[in-house]
Amino acid sequence: MGSERMEMRKRQMSVQQETPSTAQAQQETGSRGSNACCFCWCCCCSCSWNEDGDERSARASHDVRAEGTSGCEESPKPTLEEVGSWGQSFDKLMKGPAGRNAFRDFLRTEFSEENMLFWLACEELKKETNKSVIEEKARLIYEDYISILSPKEVSLDSRVREVINRNMLEPTSHTFDDAQLQIYTLMHRDSYPRFMNSSVYKNLLQTLSEPSSES
């Protein structure tokens with residue numbers, strides 16, 4: 001499974017115009033390890049929190065994650081017309097929850113589900129208006145999908161990572177907009193064509209077509 005995931009990551013990286021520098025990533029890791037307080041507000045705050053603050057933060061993090069996108073989105077069964085429209089454009093596939101769920105199932109088979117999870121998390125973040133909730137969700141998104149230490153790290157180029165690091169000094173609901181667009185483009189160019197030729201899509205299309213042909 002590890003080798004398959006690595007092959008998938010290499011294939012994803014090939015469709016991006018820029019690729020993150022390994023040396024730079026290692027340098028960033030070293031700088032974080034040597035002085036975490038110089039990184040961003042979420043690290044600095046942890047230096048002065050007491051145990052009660054840590055407990056509150058842990059509870060808040062759990063609550064935010066519980067409201068996240070770990071499970072599939074609720075959606076009615078897609079119609080044959082809707083499933084057929086997914087083949088017309090990636091935008092139509094991503095427009096509704098049924099399309100996103102089907103595409104997410106496919107991404108899971110390619111060990112790249114984190115791309116959809118990150119995109120969905122960014123969509124949820126953009127709906128928030130409460131500053132404290134925005135900061136907490138932004139921190140969790142960074143830990144889950146941006147940090148090079150995360151097993152669910154998404155593939156971003158160095159320019160976008162630098163933008164995110166600057167934005168994390170004062171997070172907003174649009175902190176990850178550049179990264180979200182890059183992952184959306186990656187899924188469009190790399191995964192979407194294979195999804196359209198996959199058994200996941202073809203079987204769904206066939207299942208919905210059968211009742212119509214019988215009638």
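Details
- Percent carbon-and-sulfur accessible area, the stretch 68-215, ignoring ligands, DNA and RNA, probe 1.4 Å: 51
- Accessible area (Å², 1.4 Å probe, nearest 10) - TRP86: 0
- Estimated vicinal HN-Hα couplings, Hz - the stretch 195-202 in sequence order (Karplus 6.51, -1.76, 1.60; Gly, Pro = x): 4, 5, 9, 8, 5, 4, 6, 5
- Across LYS77/LYS137; LYS126/LYS152; LYS95/LYS127, pairs whose alpha-carbon gap is larger than 28 Å: LYS77/LYS137
- Using the Karplus relation 6.51 cos²θ - 1.76 cosθ + 1.60 with θ = phi - 60°, the per-residue 3J(HN,Hα) values for the stretch 145-159 come to 10, 9, 4, 5, 8, 7, x, 9, 4, 8, 8, 10, 7, 5, 4 Hz, with x marking Gly and Pro.
The values are calculated or read from the model by the stated rules, or taken from the named source; none is laboratory data. The structure presented is a predicted model; accordingly, all values stated were derived computationally and were not measured. Quick note on the areas: whole protein, heavy atoms, side chains included, nothing else; ligands and nucleic acids left out. Shrake-Rupley method; radii C 1.70, N 1.55, O 1.52, S 1.80 Å.
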